[in-house]
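No value in this document is a laboratory result; all are computed from the given coordinates. Small disclaimer: the values here were computed from a predicted structure and weren't measured. Glycine also receives a Cβ, built like all others from the backbone with ideal geometry; neighbour counts cover every protein chain displayed.
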Amino acid sequence: MDFIYERLVRPLCFKLDCERAHDLAALAMTVLGRMPPVCRVMERLARLPATARPVEAFGLQFPNAVGLAAGFDKHATGWPAAAALGFGHVEIGTITALPQPGNPKPRAFRYPGEEAVINRMGFNNEGAAAIASRLSKMPAPGRRRIPLGINIGKSKVTPLENAVRDYLKSFALLAGHADYLVLNVSSPNTPDLRKLQDEQRLSELLAALDNANRERAAATPGKTRVPLLLKIAPDLTFPQIDAVLGQLAANHFDGIIATNTTLARPGHFATVGQTGGLSGRPLAKKSTEIIRYIARATGGRLPIIGVGGIHTASDAGEKLDAGATLVQIYTGMIYRGPFFARELAHALSTRQMRAGGRGW
């Protein structure tokens, strides 16, 4: 299957504009999700051995450690097929309170020699109300094949001083549909968004979401808090990360996603003029360093979803060894194909069993 993708399918896809190829892949995933019998057969083929242990994090159970990162399924149409492709969880979005078209095209660019992508998509999505309406017609939390995360960000037209209100609107509309919810304050493609990682602004934002989460749980008997996670940039310094971790602890957040795309331009990219976030293999080392730092700084107590530059099972294993609880892929799937998650999940399961079940 990998041979067919790399020798036949990928060359055809790479003849298309990067975003056009993405749209076709997302459409294919959406169509697959509308064929439940086919999905169930594919799930059985992708299933790990009975001896494999599920992964537990922030009160949820994941059949394997590999997830689909936010950015692929922006409109919440393809995620029902994720388990059929071997994923153990899927994260949709980023979704904003207001619908928005994103940045001008072209806005996504492949670099095959570096196995990388630069994108400046700009949170193109239909808005939280439309996504919530769509999710209301789809399997709800507790009735899904795998956990569904919802990634939310600030609307581009919303001034920074009104960011908290903007996130709260998205939270109110989407929290009831999420197995876990992620605050994205780290995309480089929305003006001033990364300023929300500054300690004072971040404190206000996290406190507001924590309070809203508690009030929502208290308002309905039997309802529990939705797990809240924060997605950070790879361009933060370690002292800045320390400040973020302090705010996560103070505001009862359940986990962290490390990391988003980078504004750095290492090696080959020093002479590349495209603006936007760089993802793929050039990000691998940096994201792993940040995962390791967070794990040590928190004594391993804070669940980490590791993202950035995973193109092989060894890459994923390095992130788990560094302290990640789960991993996510996106750019790696562009270069390795639609069944890359299944390949990774099986490789990581074998690795765990060889270690006698003692971690990864």
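Potential lengthening of the chain between GLU289 and ALA172 amounts to 38.7 nm, from the contour at 0.36 nm per residue minus the alpha-carbon distance. The lysines within cross-link reach of LYS285, meaning a Cα-to-Cα straight distance under 23 Å and a gap of 8 or more places when in the same chain, are LYS231, LYS319.
Partner lysines whose Cα lies under 19 Å from the Cα of LYS15, excluding those fewer than 8 positions away in the same chain, are identified as LYS105.
Principal axis extents of the C-alpha atoms in segment 2-354 (largest first, rounded to whole Å): 50, 50, 40. Ordering of 305-314, 43-52, 186-195, 57-66 by packing is 305-314, 57-66, 186-195, 43-52, highest average first (other Cβ atoms within 10 Å, averaged per residue). Label-to-label distance for ARG134 and ALA250 is 3.7 nm, based on points extended 7 Å past Cα in the beta-carbon direction.
For segment 58-91 versus segment 263-326, the inter-centroid distance based on Cα atoms is 19 Å.
As a length-normalised measure over Cα pairs under 8 Å and 6 or more apart, the relative contact order of the chain settles at 18 percent. Computed from the C-beta positions of SER203 and LEU263, the FRET efficiency with R₀ = 35 Å rounds to 0.90.
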